[in-house]
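The values are calculated or read from the model by the stated rules, or taken from the named source; none is laboratory data. Since this is a predicted model, take the numbers as computed values, not measurements. We place every Cβ from the backbone using ideal geometry, glycine too, and count neighbours over all the protein chains shown. With ligands, DNA and RNA removed, areas are computed over all heavy atoms of the protein, side chains included. Shrake-Rupley method; radii C 1.70, N 1.55, O 1.52, S 1.80 Å.
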Amino acid sequence: MTRMTFAEAARRALAEEMRRDPLVWALGEDLVQGGIFGQYKGLAEEFGTDRIVSTPISESTIMGAGLGAALCGTRPVVEMRIADFTLCAMDELVSQIAKVRYMFGGQGRAALVVRMPQGMWRNSAAQHSQCLEAWLTHIPGLVVAAPGTPADAAGLLKSAVRSDDPVVLMEPKNLWTAEGEVMEEIAPIPFGVARHAAQGDALTVVTWSAMVPVVEQAARESGIACDVFDLRSLWPWDEAAVIASARRTGRLLVVHEAVTVSGFGAEVVARVVEALGPGGLRAVERLGSPRAPVPFSPPLEDSIRLSPARVADAIRRVAAVGA
Amino acid sequence: MSSASNETARRVAMLRDMARIRAFEREAVAAMRSGEAPGVVHPSIGQEGVAVGVCANLRRADRITSTHRGHGHAIAKGADARAMMLELHGRAGGSCGGKGGSMHIADFAVGMLGANGVVGAGIPIACGAAQAIRLTKEDAIVACFFGDGAVNRGPFLEGMNWAALYRLPVLFVCEDNGFAAFTRNSAVTAGGGPAVRAEACGVPATAVDGEDVLSVDAVAAELVARIRGGGGPQFLHAKCYRWEGHTGTDAAGYRPAEEAAAARGRDCIRRLAALLDPEEVAAVEAEAAAEMAGHRAAAMAAPWPDPGAAFTDVQDAGAPA
Ligand SMILES: Cc1ncc(C[n+]2csc(CCOP(=O)(O)OP(=O)(O)O)c2C)c(N)n1
Ligand SMILES: [Mg+2]
């Protein structure tokens, strides 16, 4: 095990994949310069500017070219800079990449990775802070992964590169500099397998992405025995693990940074209720952002941001119902 | 063979392709109108010379991207016309197993990377295909077909700049039939037009009479040679006219009848036929008509897809249960 940042873990994983497979290459803005979070640092020097390609600010073509390149046998890593800019390439992602295999009857596949760092990033305001994972889990054809630790950032990136499906990888912007333990040998992490982050019988807590360290801290500080799952991938997601846990604890809390309304937490809760029946849970709660854009000023941003203290309150609230 | 008979053979081959496209689309439109073919068909009748003149200069390994009006591009690139006809009838055995329909026909076996239901969407895809071809050192180029309407979309600007910037092996083919759906494109387009826009991004543009297949062939030959020689992207602005409505059921009442009649008088097929042996022409056209009528009959006799196929080829991880 080595301690390293999220960005360094992701950088290493991509470098290893590019060494392993000469068909892997990356395209996006400022990549030759290392990417805006340093997650591509040094890769242009090692692999050359034909494989680490700095592009114009042309999101439709960054995304669409990724598809064309995948259809001609290469494995592109498409960098969107941040998830918000994916909105400038939605047709290419949703109506082209996600559809091509199906619509053409399996003749071609979009075996590519779309990286889109997302979420709040200190004082970046409404156009640079969105969490849009629920939009993309709604689209058939896409795999959606959202790592919350350096080790998972590396392992999920490896799986994403090797997958024959188009994989959307949503790295949490706020965690690029966070540190964690990463194995010397980075192994691919399969999609649809949650990380069982803490064990307990009092309630089931489900989270992902930037909320992972927040929930882990809250669970420790709450003094309550939480069964915590970091989903790591949202489509497919580990329904079996979450349902089994909720069946045992009878209490479910889902925590995500995205707006609560129509967030992916709604899907998690709905699936658990379908599986356990309407009376299967004693308590259930979704904790996310209010349905408001992310504001700029630090105190305003903090009033939206979920803190460990607020998550711990929710944990106590859910644990207390009918106890 | 002498070069004269070579040239004649090339012309007959182009006549055959144009006749096959026209016969295919006549059958497709009739099938749509009768309700035998579900959904919608966008015929390229009158524009066949562009697809055929360009594709006459492509090899099997070359790729094309196409549009909603894509039957001609596919057939000219060598796609399986029977499978295409089954596809637009929604039948098993269609190019895409009945999942795509007329607007989403692809035939990867011949480098036809897909028609597209989104105007302009093929442009970024073509750029990426060319980038992959360069990365893997394949000996191939990409031809990217789009209509005049596409030049008003953002991906057009992005793609022209992109292809010029990386000097990609792409032939952009703008089929300028004067209309974007029901609107005369000049009524919604400012500035100097498609070629001027391409050149502003550094893609050299050449205009051609798209209703004269020999001109298209000659110009495409020149442009394709430059692209294969490493000269970077080229832009072919092909003027043509859409004889039919936007779709097989659009009567095109928004344009003067004389205009369409005049275009019929410039028929790319008749203009080439006039240079060939009339008996051979008649035989080629009869063969094309018989082939496509046969495909239509085969489509009507073909089974529907298994309903379970609606759930296949979505994705591997997280596939529908
Ligand atoms: C992005 C997008 N906007 C609108 C449409 C609806 N639409 C389909 S074809 C068409 C006209 C396209 O004109 P042009 O590009 O000139 O091609 P043509 O139909 O003349 O071959 C329109 C508006 C679409 N398919 N995609
Ligand atoms: Mg047009």
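Annotations for the structure displayed:
- Calculated FRET efficiency for the pair residue B:199/residue B:137, C-beta based, R₀ 45 Å, to 0.05: 0.95
- Entries in A:99/A:158; A:41/A:158; B:77/B:239 that, when Cα-Cα distance is taken, lie over 27 Å: none
- Translational diffusion of chain B, µm² s⁻¹ [Kirkwood Rh, Cα pairs; Stokes-Einstein; 37 °C; 0.692 mPa s]: 164
- Taken over chain A, the percentage of Cα pairs per 10 Å bin, counting from 0 up to the bin with the maximum distance, is 6, 27, 34, 22, 9, 1, 0.
- From its DSSP helices (H runs of at least four residues, each -39,500 (n - 2.57)), chain B gives a residue-normalised ellipticity at 222 nm of -14000 deg cm²/dmol.
- Within 10 Å of each Cβ in A:93-104, the average number of Cβ atoms from other chains: 6
- Amide H partners (placed H, <5 Å) of residue A:144, local residues excluded: A:168, A:234, A:235
- Sum of side-chain charges, residue A:202 neighbourhood, beta-carbon under 9 Å (Lys, Arg +1; Asp, Glu -1): -1
- Once the Cα atoms are used to define both axes, helix A:239-249 deviates from the longest principal axis of chain A by about 20 degrees.
- Positions from the range B:148-174 whose accessible area shrinks by 40 Å² or more when the full protein complex is built, not the chain alone, probe 1.4 Å: B:158, B:162, B:166
- Between chain B and chain A, roughly 3400 Å² of accessible surface gets buried, counting both sides and using a 1.4 Å probe.
- Relative to the longest principal axis of the Cα atoms of chain A, helix A:150-162 runs at roughly 50 degrees.
- Karplus-derived 3J(HN,Hα) values for the range A:57-69, using 6.51 cos²θ - 1.76 cosθ + 1.60 with θ = phi - 60°, are 7, 9, 4, 4, 7, 4, 6, x, 5, x, 5, x, 5 Hz; glycine and proline are entered as x.
- Dipole of the range A:2-182, positive direction: furthest Cα of A:4, A:128, A:57, with charges on the beta-carbon: A:4
- Shielding score for A:72-78, defined as the mean number of other chain Cβ atoms within 10 Å: 5
- Taking amide H as placed 1.01 Å from N in the peptide plane, residue A:259 has its amide H under 5 Å from the amide H of A:131, A:289, each at least 5 places away in sequence or on another chain.
- Pairs of alpha carbons in the range B:230-321 whose separation is greater than 18 Å (percent): 75
- Lys, Arg +1 and Asp, Glu -1 on Cβ, resulting dipole of the range A:90-192 about Cα centre, debye, nearest 20: 340
- The smallest convex shape that holds all Cα atoms of the range A:195-320, its convex hull, gives 97 Å³ per residue.
- Carbon + sulfur, % of accessible area of the range B:136-238 - ligands and nucleic acids excluded, 1.4 Å: 56
- Signed unit charges on C-beta, dipole axis of chain B, positive-most listed residue B:154, B:103, B:180: B:154
- Total charge dipole magnitude, chain A, about the Cα centre, Cβ charges on Lys, Arg, Asp, Glu only, Debye to nearest 20: 600
- Simple Cβ-charge dipole of the protein assembly as shown, Lys/Arg +1 and Asp/Glu -1, about Cα centre, in debye nearest 20: 580
- For the range B:285-321, a decrease in accessible area of 30 Å² or greater in the assembled protein chains relative to the isolated chain, with a 1.4 Å probe, applies to B:313, B:314, B:315, B:316, B:317, B:318.
- If the segment from residue A:122 to residue A:138 were pulled out straight at 0.36 nm per residue, it would be longer than the present Cα-Cα gap by 3.0 nm.
- Just the protein heavy atoms count here, and of the accessible area of chain A at 1.4 Å, carbon and sulfur take up 55 percent.
- Residue ranges B:110-123, A:302-315 sort as B:110-123, A:302-315 when ordered by packing (mean number of other C-beta atoms within 10 Å per residue, highest first).
- Rel. contact order, % - alpha carbon contacts under 8 angstrom, at least six apart, the range B:3-300: 24
- Long-range HN-HN contacts of residue A:203 with modeled amide H, under 5 Å: A:227
- Membrane-span-like helices in chain B, defined purely by DSSP H runs whose alpha carbon atoms cover 30 Å or more axially and whose average Kyte-Doolittle hydropathy reaches 0.5, do not occur.
- Converting phi to 3J(HN,Hα) with the Karplus coefficients 6.51, -1.76 and 1.60 and the offset θ = phi - 60°, the range B:308-313 yields x, 5, 4, 10, 9, 6 Hz in sequence order, with x at every glycine or proline.
- Only one residue of B:261, B:249, B:321 has its Cα farthest out toward the positive end of the dipole of the range B:226-321, where Lys and Arg carry +1 and Asp and Glu -1 on Cβ, and that residue is B:261.
- For the protein assembly as shown, the solvent-accessible area with a 1.4 angstrom probe is 36 square angstrom per residue.
- Exercise: per-residue mean of other protein chain Cβ atoms within 10 Å, A:307-313: 0
- Take the Kirkwood radius over Cα pairs of the range A:72-166, plug it into Stokes-Einstein at 20 °C and 1.002 mPa s, and you get 151 µm²/s for translational diffusion.
- Heavy-atom accessible area, 1.4 Å probe, ligands and nucleic acids excluded: residues of the range A:106-126 down by at least 50 Å² from chain alone: A:107
- Karplus-derived HN-Hα couplings along the range A:290-295 (A = 6.51, B = -1.76, C = 1.60, θ = phi - 60°), whole Hz, x at Gly and Pro: x, 7, 9, x, 7, x
- Shape analysis of the range A:132-195 based on the Cα gyration tensor places the equivalent ellipsoid semi-axes at 21, 15, 9 Å, largest first.
- Alpha-carbon centroids, the range B:133-182 and the range A:276-311: separation in whole Å: 46
- Restricting the calculation to Cα atoms, the protein assembly as shown yields a radius of gyration followed by a Dmax of 27.7, 96 Å.
- Residue B:3-residue A:1 FRET efficiency (beta carbon distance; Förster radius 56 Å; 0.05 resolution): 0.15
- Principal-axis tilt of helix A:6-20 within chain A, Cα atoms, nearest 10 degrees: 40
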